[in-house]
Amino acid sequence: MSTVIAITNQKGGVGKTTTSCSLACGLAMNNKRVLAVDLDPQGNLGFSLGLEIETSATIYEVFKGTATLQEAIRPAKYCDVISSNILLSGAELEFTGKQRESMLKQILSTVAGYYDYIIIDTPPALNVLTVNAYAAADYLIIPMVPEILSLLGVSQIKDTINTVRSTVNPKLVVLGILLNKYNPRTLLSKEVKEMAQQIASQIDSRVFETHIRSSVSVAEAPAQGESLLDYAPRSKPAQDYKALVSEVLALMNT
């Protein structure tokens, strides 16, 4: 069975897509079969992995039933990808059935035996798409940056996690909080890390030992349609993401 990991934070600009892309590619580099699923209507994950997101079936068509999952799955350099586009932004109003929180879980169950890992990139909001990701996931990874507003976003996720656990996915586990754009020399980074550790303890989780440092290459890589691990493999954040992949794999084996 596939291990499903959703990357989530209702705050934007915390590195969800870069984390999703790097984790998917990094796991594939470790000889894992990986499917990356873009649930963000901005479509950045598919774009970052080098796909043309406007000319093929997306997760939106799969939700609507106008395309099959197999038609939406496309190969990228390291992993398979289901892309999205702006049409997905109407999901909150368009999908209103009784099982709307479990649509993604039902869809992914048909390929659960083929992939080792399924990585889901979520939108910067707590909406029906995010709840679908939580319902389908075994684990959540919560990226955040050393800013108070980012910390508040993590804190607000707690209620949603508890609701999902009590309704559609009692086995949901928060694998860890990931500190992104981290500079250990700043007082704010240290203070936010301490507060993140407090929140992690409240949701039975941890702050990852790996912290992701900043680099201009993080912004440059998507413009080239490449993952950070390909575009700038020697950069500090690429090294950090490789360490994160190793940490995730170690946690999976404990």
Report task. Might you let me know whether segment 199-208 holds any residue that is closer than 24 Å to residue 36 by Cβ and surrounded by 18 or more Cβ atoms within 10 Å (Cβ to Cβ)? Result -> yes
Query raised in the report: Can you name the helices (runs of 4 or more DSSP H) wholly within segment 177-254 that have at least 1 residues being among the basic types (Lys, Arg) and farther than 20 Å from residue 49 by Cβ?
Result: 187-202, 236-252
Requested in this report: Considering each of 235, 201, 215 in turn, give the residue that is without any contact (Cβ under 8 Å) to a residue 40 or more places away in the chain, touching a Lys or Arg at 6+ places or on another chain (Cβ under 6 Å) and not hydrophobic (A, V, I, L, M, F, W, C).
Outcome: 215
Report task. Being of a type in the set (A, V, I, L, M) and part of a loop (DSSP other than H, G, I, E, B) is the filter here, so list the residues in segment 49-77 that pass it. Result -> 49, 51, 53, 57, 67, 76
**Report entry** segment 87-116, residues that are under 18 Å from the mean Cα position of the chain (by Cα) and more than 25 Å from residue 167 (Cβ to Cβ)
**Finding:** 115, 116
Requested in this report: Give the residues of segment 78-89 that are within 15 Å of residue 17 (Cβ to Cβ) and not in a helix (DSSP H, G or I), sorted by residue number.
Outcome: 79, 81, 82, 83, 84, 85
Query raised in the report: Taking helices (runs of 4 or more DSSP H) that do not extend beyond segment 90-160, which have at least 1 residues that are exposed (fewer than 15 other Cβ atoms within 10 Å of the Cβ)?
Result: 91-94, 103-108
Query - Enumeration of residues in segment 13-48 that are in a loop (DSSP other than H, G, I, E, B), touching a helix residue (DSSP H, G or I) at 6+ places or on another chain (Cβ under 6 Å) and surrounded by fewer than 24 Cβ atoms within 10 Å (Cβ to Cβ) - result: 41
Query raised in the report: Of the residues that sit in segment 164-177 and are over 16 Å from the mean Cα position of the chain (by Cα) and in contact (Cβ under 8 Å) with a residue 12 or more places away in the chain, which one is farthest from residue 244 (Cα to Cα)?
Result: 167
Requested in this report: Could you tell me which numbered condition residue 56 fails, if it satisfies all but one of (1) hydroxyl-bearing (Ser, Thr, Tyr); (2) crowded, with 22+ Cβ neighbours inside 10 Å; (3) without any contact (Cβ under 8 Å) to a residue 60 or more places away in the chain?
Outcome: (2)
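We did not get these values from a lab; they are worked out from the coordinates using the rules stated. No experiment lies behind these values; they were computed from the predicted model shown. Positions of Cβ are backbone-derived with ideal geometry, glycine not excepted, and every protein chain shown enters the neighbour counts.
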